[in-house]
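Each remark here refers to the structure printed beneath this line.
The values are calculated or read from the model by the stated rules, or taken from the named source; none is laboratory data. All figures in this text were calculated on a predicted structure; none of them were measured in a lab. Positions of Cβ are backbone-derived with ideal geometry, glycine not excepted, and every protein chain shown enters the neighbour counts. Note: accessible area is taken over every heavy atom of the protein model, side chains too, but ligands, DNA and RNA are not part of it. Shrake-Rupley method; radii C 1.70, N 1.55, O 1.52, S 1.80 Å.
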Amino acid sequence: MMNRLDETVQYIRSRYDHAPVVGIVLGSGLGNLVAEMKVEAEIPYKDLPHFPVSTVEGHRGRLLFGELSGKKVVAMAGRFHFYEGYSASDVAYPIRVMKLLGVSTLLISNAAGGMNGDFKVGDLMIIRDQISLFTVNPLIGKNEDALGPRFPDMSEPYNKDLIKKARSIAKELKIPVHKGVYAGVTGPTFETRAEYKMLQVLGADAVGMSTVQEVIVARHMGVNVFAISVITDLGIREEENIITHQEVLEAAAAAEPKLTAIFKELVKAL
Ligand code: HPA
């Protein structure tokens, strides 16, 4: 694993010789933040040694390097999902690469289904904690001691200071935000009514098919994480209401400017 990571990192350094300090992973329909970046280098995933290749609709599959709000950043345009058939450790591989390039803060967005009765489609939820027991843990297997400990603490998966900063930024920008617990599932099916209900009873406010494995790997390496879910659909809803991928993408795109504004200001405040 360390050899593969070294090769990926060496290749990137041969094409871009600055060290990014912030990593950004954008969810389905939420890729426009990169338009705000001053892009200095762009590397398609397929050029990167040992990188998985993204297949899901709506993802352009490349790493972008450059500046956002005056900071050196690296952004993934397109992430890897477990439901595409990648292993849990493949899903999280780019996060390890980011850390080895110099990243100490990771910002994540995702589209998620809401279970909290106070949520509406298009709302933003700052993730304060996660439930990842329904997915495969990306740290299963031999531990890479050079990256982090065998049994990492997960008492603060999402950094409290970053949450505080983001909440005051949102207030300043007059963008309402919720705070809640995100449950990670494998997908690709949306949940049944009984499953949404179960996740709600277990203490989750939103559910989605990404993020938790990336966060586990980031915390393993001591990277601070901040994440926002865009609520794209409601799990607890009237009988006749169904959920489609199209509606998820549309709701994500409509809410995206709010998310982009918060991320930009948060990067500035780091
Ligand atoms: N469930 C799981 N993943 C999702 C959902 C959902 O309702 N909406 C967007 N991603």
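Here are a few things to note about the model shown:
- Restricting attention to region 221-238 and to residues that are open to solvent by 10 Å² or more (accessible area, probe 1.4 Å) and of a type outside the set (A, V, I, L, M, F, W, C), the residue that is farthest from the ligand (Cβ to nearest atom) turns out to be G222.
- Single unsatisfied condition, E156 versus (1) under 30 Å from F51 (Cα atoms); (2) of a type in the set (D, E, K, R); (3) not in a loop (DSSP other than H, G, I, E, B): (3)
- Filter pass, A170 being open to solvent by less than 20 Å² (accessible area, probe 1.4 Å), within 22 Å of A255 (Cα to Cα) and out of contact with any Lys or Arg (no Cβ under 9 Å at 6 or more places or on another chain): no
- Candidates R60, R79, filtered to the one that is closer than 17 Å to V223 by Cβ, at pLDDT below 95 and assigned to a loop (DSSP other than H, G, I, E, B): R79
Matching residues to (1) at pLDDT below 95; (2) assigned to a helix (DSSP H, G or I); (3) away from the ligand (no atom under 11 Å from the Cβ); (4) open to solvent by 30 Å² or more (accessible area, probe 1.4 Å):
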| site | (1), (2), (3), (4) |
| --- | --- |
| V181 | no, no, yes, no |
| T186 | no, no, no, yes |
| T189 | no, no, no, yes |
| Q200 | no, yes, yes, yes |
| V207 | no, no, no, no |
| S210 | no, no, no, no |
| V215 | no, yes, yes, no |
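- Condition check for I140: away from the ligand (no atom under 14 Å from the Cβ), open to solvent by 80 Å² or more (accessible area, probe 1.4 Å), touching a residue at least 12 places away in the same chain (Cβ under 8 Å) and among the hydrophobic types (A, V, I, L, M, F, W, C): yes
- Cross-chain or 6+ apart pairs with Cβ under 8 Å, region 256-267 first and more than 13 Å from P176 (Cα to Cα), then surrounded by 20 or more Cβ atoms within 10 Å (Cβ to Cβ) and among the polar types (S, T, N, Q): F263/S109
- Cβ-Cβ distances below 8 Å connect the following pairs, each with a first residue in region 144-158 that is modelled with pLDDT of 95 or more, a second residue that is among the aromatic types (F, W, Y), and a separation of six or more residues or different chains: Y158/F226.
- Filter result for the condition that a residue is crowded, with 18+ Cβ neighbours inside 10 Å, of a type in the set (G, A, S), closer than 30 Å to G66 by Cβ and more than 10 Å from the ligand (Cβ to nearest atom), over A251, A255: A255
Matching residues to (1) under 21 Å from T189 (Cα atoms); (2) away from the ligand (no atom under 15 Å from the Cβ); (3) of a type in the set (S, T, Y):
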{"position": "G102", "(1), (2), (3)": "no, yes, no"}
{"position": "N110", "(1), (2), (3)": "yes, no, no"}
{"position": "G114", "(1), (2), (3)": "yes, no, no"}
{"position": "M125", "(1), (2), (3)": "no, no, no"}
{"position": "Q130", "(1), (2), (3)": "yes, no, no"}
{"position": "F134", "(1), (2), (3)": "yes, no, no"}
